[in-house]
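Reading through the structure tokens given below for one structure.
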Amino acid sequence: MKIGAVLMASGAGRRFGGNKLLHPVEGVPMIERALGAVPAELFEQACVVSCYPEILALAGERGYVPVPNPEAAQGQSASVRLGLSALMDMDGVMFCVCDQPWLRRESVKRLLADFIAHPDAVCSLGWRGERGSPAVFPRDLFPELLALAGDRGGGGVIRLHQDRLRLVETGGAEELWDVDEAASV
């Protein structure tokens, strides 16, 4: 089974005040933390979608396919469409935001194992029944993901297919926090 990964790294960081992915969390830039939690070698192919040249350069150095995002102002849907377009021959694709600095590689591995065991499901990390990110989508849902518009990610597709959703518990709630949420906790 071929599983791909799309790391979405195009956010403007308006709430944060700039490109937050270069900001260190516990001494390590957020993008480095994301690349460590979702290493390219776990996937048949992995890409990083970003409008930031320095993020794309780092992605290429780490074995990811760098996908430039000239449509970043359109919101998350542009990253979904661009990343998925680079991985259309996969059986499933995992989408991951890059501003969850406490996401652990072990949780990502469990998520992938669950998808391999249930290849028709949408498998998502969660905590105590609450869905989070990342999520793996099977090939038959690719057309719906490609049709997304605006600042919408795969959550809308998941809501349309609740009967196919499988939650994989993380090691703790903090794994699902994005850096903006963590600042308010």
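Just so it is clear, none of the values below were taken in a lab; they were calculated from the coordinates. What you see is a predicted model, and the numbers here were worked out from it, not measured in a lab. Neighbour counts run over all protein chains shown; Cβ positions are idealised from the backbone, glycine included.
For the chain, what is the relative contact order in percent, using Cα pairs closer than 8 Å and at least 6 residues apart in sequence? Don't skip to the answer; put the middle values down first.
Numbers: 356 pairs, mean separation 44.9, N = 185.
Once normalised by length, the contact order is 24 percent.
Just one of (1) 1.02; (2) 0.93; (3) 0.98 is Cα Rg over 2.2 N^0.38 Å calculated from these coordinates, so which is it?
(2)
List every residue whose amide H lies under 5 Å from the amide H of M90, counting only residues 5 or more places away in sequence or on a different chain, with H placed 1.01 Å from N in the peptide plane.
none
Using a 10 Å Cβ count of at most 15 others and DSSP loop calls, identify the longest part of the chain lacking such trypsin sites (Lys or Arg not before Pro).
Details: sites that count: K2, R14, R15, R128, R152.
Within the chain, the longest run free of exposed trypsin sites (Lys or Arg not before Pro) spans 16-127.
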